[in-house]
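Data block below; observations after.
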Amino acid sequence: MGYFGLASVAQAASFGNPDRPPEGKINARSLSSTSDPGPASPNLASQFPSSQNPPATDINGMPQFWSSFNIMHKRYQDGGWARQITQEDFAISETISSVNMRLSAGGIREMHWHQQAEWAIMLSGKCRITTLDEQGRSSVEDVEEGDLWYFPPGLPHSLQGLGPDGAEFLLIFDNGLSSEFNTLLVTDWIAHTPPEVLAQNFGVPADAFKNIPLDNLWIFQGDIPPSLAEDKKSARVTSGTEKVTYKLSKSPPIPSGRSGVAQVADSRNFPISKNIAAALETIHPGALREMHWHPNADEWALVIKGKARVTVFDTGPKATTNDFNPGDIWYIKKSLGHYIVNTGDDDLVVLTIFKSDRFAEVTLTSWLTHVPSEMVQQTLKLDADVIARFPADRPEFLPK
């Protein structure tokens, strides 16, 4: 016939397809309305089925909330590599920038500091981190997969991969424009300070600095460090420093039911982390991360494992759905409604990040079950017995 049929047209502007003018393939009457004979990259398009065929409930007009480490340039050096996503690459990401870094066994991220706070999670391997607080007290710690660290703004630190295979980690900065390539490096400062000032500052002859690097090192190959105890002694570590690490993967989960689990780290259980809150969420196949929003901060998220479909709702109305794979990132503005569906065959593991001292959310089911039932009945034209079956205990992941 060349038509999808009048039944599809009849559904326009009705339940499951409310927009005027109506959107979605459900409205198409001719085959040419949905064909796409122009240039295409099938491999790329296949990763985004919800963009190629959006739900009819989507309504366009929202900024792109997808990006990915998979498309970012890697900067390699002897000792490791890094790639980053800042607001220059991902316009919507105003409050968070991020770096994915790999260090070989012995590889060193040179001694440096930032104007922003640095929050990090270990993705694989082992790493030795050092820092100094504003009272001159040092910390030297070893971290492994699932561990966090946090360096407040302005405090100096270094990172070094340990054996047998170095380390890979994710760095988060609490400023969308912060770049890993414009950090304050110790080699740069030493090289750009007059020799007589160096001599006076350190109390040694000026020619002691005659072999300093004239170019910064950034990442370089070093020797595998000695034992942690030896390095603590060498760094004059003393008791009383605030803990800069936290074992997120071993933290107690939030009670979430049989469809998923969440683990949260913020200033309540990781006190030094005053600028960044995080949740590590595992969503089982086919499960839904319930409809919700975050009232205190934008959400930056990295898919660590699995496949996801995410829909974001805004005033307008606006609603956009996109698909996410490992290494992909989404960014959702504060207070915008959204939900996550695991569309793969394996667990979906997502790290969500917020520029805040605490993790906070409001769920739609919690709201609708904590106002008078008559209000919900009259607003949504629902029967009382339907509302009575809504989950009222913040299940987080559905089905319960």
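The values are calculated or read from the model by the stated rules, or taken from the named source; none is laboratory data. As the structure is a prediction and not an experimental result, all values here were calculated from the model. Note that each Cβ is placed from the backbone with ideal geometry, even for glycine, and that neighbours are counted across all protein chains shown. The area values use the complete protein model at the heavy-atom level, side chains included, leaving out ligands, DNA and RNA. Shrake-Rupley method; radii C 1.70, N 1.55, O 1.52, S 1.80 Å.
Residue separation of F202 and N43 scaled by 0.36 nm, minus their Cα-Cα distance, works out to 51.4 nm of gained length. How many angstrom lie between the C-alpha centres of segment 287-314 and segment 331-362? Using only Cα atoms, the two centres lie 3 Å from each other. Fully extending the segment from D78 to K25, taken as 0.36 nm per residue of separation minus the present Cα-Cα distance, adds 14.0 nm. Within the accessible surface of segment 154-306, defined with a 1.4 Å probe on protein heavy atoms only, the carbon and sulfur portion equals 58 percent. Rg of the Cα atoms in segment 44-133, relative to 2.2 N^0.38 Å, amounts to 1.46. Can you tell me which of A388, A191, A279 moves the most in a GNM of the chain? Springs connect C-alpha atoms under 10 Å apart. Of A388, A191, A279, the Gaussian network model singles out A388 as fluctuating most. Per residue, the chain exposes 51 Å² of solvent-accessible protein surface, assessed with a 1.4 angstrom probe and all protein chains in place. Across the options G80, P63, A40, the greatest Cα extent toward the positive end of the charge dipole of segment 21-90 (unit charges at beta carbon of Lys, Arg, Asp, Glu) belongs to A40. Net length available on complete extension from L228 to R258 is 6.8 nm, with 0.36 nm assigned per residue and the Cα-Cα distance removed.
Compactness of the chain, taken as the C-alpha radius of gyration over 2.2 N^0.38 Å, stands at 1.18. Between P205, G257, L280, the Cα set farthest toward the positive side of the dipole of segment 202-285 (charges on each charged residue's Cβ, about the Cα centre) is that of G257. Treating only the Cβ atoms of Lys and Arg (+1) and Asp and Glu (-1) as charged, compute the dipole magnitude of the chain about its Cα centre; round to the nearest 20 debye. In total the dipole reaches around 640 debye. The calculated FRET efficiency for the pair D165 and K381, based on their C-beta separation and a Förster distance of 60 Å, comes to about 0.50. For the chain, the relative contact order works out to 16 percent when only alpha carbon pairs closer than 8 Å and six or more residues apart are counted. For the pair Q115 and W367, a Förster radius of 41 Å applied to the C-beta separation gives a FRET efficiency near 0.60, rounded to the nearest 0.05.
Each of H157, V143, A117 was scored by the projection of its Cα onto the charge dipole of segment 116-228, and the greatest displacement toward the positive side belongs to H157; charges sit on the C-beta of Lys, Arg, Asp and Glu.
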